[in-house]
Amino acid sequence: MRPPLLAFNQNGIYCEAADVYLDPWKPVDKAIISHGHADHSRYGHKKYITHHSNVPLIKHRLGEIEVSGKGWNESFTINGVKFSFHPAGHIIGSAQIRVEHQGEVWVFTGDYKTEDDGIAVPYEPVKCHTFITECTFGLPAFKWIPQDKVFEDINNWWQENRDNGQTSILFGYSLGKAQRLLKYLDTSIGQIYTHGAIENMTEVVRELVVMPPTTRITRETKKEEIKGNIVIAPPSAHGSTWIRKMVPYVTGSASGWMTFRGARRRRAIDKGFVLSDHCDWQGLLQSIKATGCEKVICTHGYSDIFSRYLREQGYDARTEETQYEGELGQLEADKEKESE
Amino acid sequence: MKAFAQLIKKLDSTNKTTLKVAALTEYFNQAAPKDKVWTIAILSHRRPPRPVNTTLMREWASELSNIPLWLFEESYHIVGDLAETIALVIPPSDASSEKSLNQFLEEIIALKKMPDQVKKEYLFENWLHLNYYERFVFTKLITGSFRIGVSQKLMTRALAKATEIDEDILAYKLMGNWDPSKISYNKLILEENEEDYLSKPYPFYLAYAIENEPENLGDISEWSAEHKWDGIRAQVIIRNDELFTWSRGEELVTDKYPEFEKFVEVIPNGTVLDGEILPYPDNEIGTFNDLQTRIGRKNVSKKLLEKVPVILKAYDVLEWEGKDVRILPFSERRKILENLYHSIISHELPLRLSETMKFSNWNEAVQERENSREVKSEGLMLKRLDSPYLVGRKKGDWWKWKVDPLTIDAVLTYAMRGHGRRSNLFTDYTFGLWDDEKKELVTFAKAYSGLTDKEFRSLDAWIKRNTLERFGPVRSVTPHHVFEIGFEGIAESKRHKSGVATRFPRMLRWRKDKKIEEANTLEDLKALIP
């Protein structure tokens, strides 16, 4: 029996036929990268291959690396194995990786979402035999509401805080969520200020997407000028001394985890907005169906629960351990420090 | 219901106490009287008896949301709150109900006697036609306690603002047994009603833990000291030839401690004593573990009464000759109490005095505190001699000064997800100690407090990566982390696998410097049993 097209080993997801890794977590010679978040694009690989629009993002994070960019649907062959990138809709430049060899097709999603956020190229289902999917929010408790409605809530919240003479501080991780938030803020209410980590990343994204004007908060920024405006900051800024400049302020967080009342209370955040760059329960199920796959491999998230459910639905589904963290990693860890 | 759900949403949208009080005050200013009574009842943990058992609710919720029951259960373990889980998994709705909170509660109370099919239809109807917050609140009213980050104290403060009635007076009015389905807002809050006060306890005065050196409390001659007893804080009321015993949790526990009935014959009417219920087997103070056997029992058997009799260790008097004496200085109240005690000592009641001690310097107090475990106390209580009896937890006049806990180094073996603000986070841990041969870890205690949020997060991430096996919500983990576990007391126990029961175990330190081989053994723990 020939080895599976993609296998999970100590370094990452390995394609033996091509001798390349997909989103490896240990340094390897050749890595095909789905998107720019730290748990998927790590330091130390000799060669990176990723979608064009992800190139400036990982360069910003990883410095000078050897990287080649490919277009959507543009296939390239390594040792007779055909690879191509397809939109994942997770953040700007995020891709699913399609792998084809001897008539067999596998798709690795990286992270993805089904809703069009107006920034990332929207997710497209790709037909395959085996689908390797994340399931960060693979529980029926997760149901997203359309982003228009969420941004209406966010803007109302900002206006209300401003009317009460308070500054709004909204937390979101610096690549992806932060830009999604500031793109839809209603600048007729006030001005948008940013934490340094957010501003650095946004400068890179500005090359690719039009963003409203923002002002970086520096040591020179006067306390009085921020008042009543909105500040976008990474979650790690919560509880730091940096935040004292914004007094009096109200905090908000935009994340899929805000579904849980406990998650918000635990972080001592005032207001939670349910807004995620991952699929919700129905999003995952519909995506899997749309691929027409027979086999599903669940990586990070509620993978045991989700794969059990899929098996009951008639899929050949299993779980593989990876070191991807999904939105939890983005939210809980101090990953943001890297980009400060 | 709309207004109440809005209130809950508002309370949920802020972490700031002042804003929570403002939201509650606004609600109390506008809500209908009957709705106010229910809101007060709910936020002081008085709810109607549960009309539907939770097993059925889980089954029905999984049916309505078209997911298998096991998946509902898994979701519940992760969300950490049944009502919240139900509100999340059922298909969303934007609808809202025009019915008042009172109407809903009347329906819920009536539901209890209905056949299951009617209950099911009622739940389905409401689950499908209420928006998220209304659905959450509706389900919460059915499932149980409303723990939403608003304490009874906070609610009382808001009510005081809305009614302009003194907060302490309101706290008193809200004590004891009152039935929200029968009482009117006027009667509960606005009217003065003497006869209702027959069984009413006074709000307990609670001490803070001493923060730094006791010398900072000033001249020791201004202070009275006594041992801090480890039992159940209680008020015993004797009025109109009747006796009522209240626990600190505002639970009427008269029937659980029939020993005290004799008080009525001897202690004059119009007396309220504050003290500690203590187990007293063999005519001496027992362990909290002994008392544990009495706490859960509603009907106490004769055998148990003989095995673990209790006494009231009295330390204060709040009412005397029918008058509220809380305003008198502590020294005066003690005189009344001691005179009473000595006048009835010949009756051999299950009543003892919590003896006060006078020290000439703080060093003597320090030495007496060292002696606490020998006299079966948890440490010392310091009370200012000229202090009145206050309401609730207030700083300044009363301090608890506990002995340092006993400690042992143990290994983390199992973890479970927490509830409420700890939902989806592994924060409830089981710890093991080595057996004689240092081969196996024997479970000895569970603990879920003592770490910082940051430590909990990092341990949570580690647990998720180092799970060995899953048993429903519980995971066994690779033995790797050592924690210093502190506890207040220790006793032999047949109910525990380890043969030892510890009192209030918690994590004192994460011993990252220790390997699991360096953790203590069960023998080390047993050596601590007095």
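On the given criteria, is A:Phe76 modelled with pLDDT of 95 or more and either under 17 Å from A:Gly176 (Cα atoms) or surrounded by 24 or more Cβ atoms within 10 Å (Cβ to Cβ) (or both)? Judged against the criteria, A:Phe76 is not a match. Scanning region B:415-457 for residues that are within 14 Å of chain A (Cβ to nearest Cβ), surrounded by 15 or more Cβ atoms within 10 Å (Cβ to Cβ) and of a type outside the set (D, E, K, R) yields a count of 11.
Within region A:60-117, being closer than 25 Å to A:Met201 by Cβ and among the β-branched types (Val, Ile, Thr) holds for A:Ile65, A:Val67, A:Ile91, A:Ile92, A:Ile97, A:Thr109, A:Thr114.
Could you tell me whether B:Ile285 is exposed (fewer than 14 other Cβ atoms within 10 Å of the Cβ) and either in a loop (DSSP other than H, G, I, E, B) or among the acidic types (Asp, Glu) (or both)? Here the answer is no, as B:Ile285 does not meet what is asked. Where helices (runs of 4 or more DSSP H) fall entirely within region B:110-224, those with at least 3 residues that are farther than 23 Å from B:Leu7 by Cα are at B:116-128, B:167-173. In region B:88-97 there is no residue matching the filter, namely being in a helix (DSSP H, G or I) and more than 14 Å from chain A (Cβ to nearest Cβ). Where helices (runs of 4 or more DSSP H) fall wholly inside region B:1-82, the ranges with 1 or more residues that are farther than 23 Å from B:Asn102 by Cα, hydrophobic (A, V, I, L, M, F, W, C) and facing another protein chain (nearest Cβ under 10 Å) are B:17-30, B:69-79. Among residues of region A:261-286 that are away from chain B (no Cβ under 14 Å), those with a beta-carbon under 9 Å from a residue that is among the aromatic types (Phe, Trp, Tyr) and surrounded by fewer than 22 Cβ atoms within 10 Å (Cβ to Cβ) at least six positions away or on a different chain give the pairs A:Leu275/A:Phe151. On the stretch given as region B:240-263, residues that are among the small types (Gly, Ala, Ser) and touching a strand residue (DSSP E or B) at 6+ places or on another chain (Cβ under 8 Å) total 1.
Applying the set (1) without any contact (Cβ under 8 Å) to a residue 24 or more places away in the chain; (2) in contact with a Leu (Cβ under 7 Å, 6 or more places away or on another chain) to B:Glu164 leaves exactly one unmet item: (2). Among residues of region B:366-388 being small (Gly, Ala, Ser) and farther than 11 Å from B:Ser224 by Cβ, the one that is surrounded by the fewest Cβ atoms within 10 Å (Cβ to Cβ) is B:Ser372.
Please verify whether A:Lys113 is of a type outside the set (Phe, Trp, Tyr), in contact with an Asp or Glu (Cβ under 7 Å, 6 or more places away or on another chain) and either in a strand (DSSP E or B) or in the same structural domain as A:Arg206 (by TED's automatic domain parsing) (or both), treating the condition exactly as stated. Here the answer is no, as A:Lys113 does not meet what is asked. Within region A:71-85, none of the residues are touching a Leu at 6+ places or on another chain (Cβ under 9 Å) and more than 21 Å from A:Lys295 (Cβ to Cβ).
Tally the residues that are surrounded by 16 or more Cβ atoms within 10 Å (Cβ to Cβ) and either outside the structural domain of B:Trp70 (by TED's automatic domain parsing) or under 27 Å from B:Lys120 (Cα atoms) (or both), restricting the search to region B:35-53.
Going through region B:35-53 one residue at a time, the tally reaches 11.
Across region B:482-490, a minimum of one residue is classified as more than 30 Å from A:Asp304 (Cβ to Cβ) and assigned to a loop (DSSP other than H, G, I, E, B).
Restricting attention to region A:110-129, the residues that are surrounded by fewer than 17 Cβ atoms within 10 Å (Cβ to Cβ) and touching a residue at least 60 places away in the same chain (Cβ under 8 Å) total 3. Of the residues making up region B:16-34, those that are of a type in the set (Ser, Thr, Tyr) and surrounded by 19 or more Cβ atoms within 10 Å (Cβ to Cβ) number 1. Set side by side, the residues A:Leu170, A:Leu175, A:Leu181 differ, and just one is touching a Gly at 6+ places or on another chain (Cβ under 9 Å) and at pLDDT below 95, which is A:Leu175.
For A:Thr133, the conditions (1) in contact with a His (Cβ under 8 Å, 6 or more places away or on another chain); (2) assigned to a strand (DSSP E or B) all hold with the exception of (1).
Among the residues of region A:292-301, is any of a type in the set (Ser, Thr, Tyr), within 14 Å of another protein chain (Cβ to nearest Cβ) and on the phi < 0 side of the Ramachandran plot? Walk me through how you get there before you give the answer.
Restricting attention to region A:292-301, the residues satisfying the condition of being of a type in the set (Ser, Thr, Tyr) are A:299.
Right, trim to within 14 Å of another protein chain (Cβ to nearest Cβ) and you get A:299.
Those left that are additionally on the phi < 0 side of the Ramachandran plot: A:299.
Yes; the residues of region A:292-301 include at least one that is of a type in the set (Ser, Thr, Tyr), within 14 Å of another protein chain (Cβ to nearest Cβ) and on the phi < 0 side of the Ramachandran plot.
Scanning region B:384-422 for residues that are farther than 26 Å from B:Thr502 by Cα and in a loop (DSSP other than H, G, I, E, B) turns up B:Leu385, B:Asp386, B:Ser387, B:Pro388, B:Tyr389, B:Leu390, B:Val391, B:Lys394, B:Lys395, B:Gly396, B:Asp397.
You will find that of A:Phe137, A:Phe151, A:Phe171, A:Phe142, the residue that is free of Cβ contacts under 8 Å to residues at least 40 places away in the same chain, buried (at least 17 other Cβ atoms within 10 Å of the Cβ) and either in contact with an Asp or Glu (Cβ under 9 Å, 6 or more places away or on another chain) or not assigned by TED's automatic domain parsing to the domain that holds A:His35 (or both) is A:Phe151 and no other. Quick one: would you say A:Lys183 is of a type in the set (Lys, Arg), buried (at least 19 other Cβ atoms within 10 Å of the Cβ), closer than 18 Å to A:Gly93 by Cβ and touching a residue at least 60 places away in the same chain (Cβ under 8 Å)? Spelling it out, it is not the case that A:Lys183 is of a type in the set (Lys, Arg), buried (at least 19 other Cβ atoms within 10 Å of the Cβ), closer than 18 Å to A:Gly93 by Cβ and touching a residue at least 60 places away in the same chain (Cβ under 8 Å).
Condition check: free of Cβ contacts under 8 Å to residues at least 60 places away in the same chain and either assigned by TED's automatic domain parsing to the domain that holds B:Asp324 or not small (Gly, Ala, Ser) (or both). Does B:Lys182 satisfy that? Judged against the criteria, B:Lys182 is a match.
The values are calculated or read from the model by the stated rules, or taken from the named source; none is laboratory data. Here the structure is a predicted model, which means the values were calculated and not measured. Note: ideal-geometry Cβ built from the backbone for every residue, glycine included; neighbour counts use all protein chains shown.
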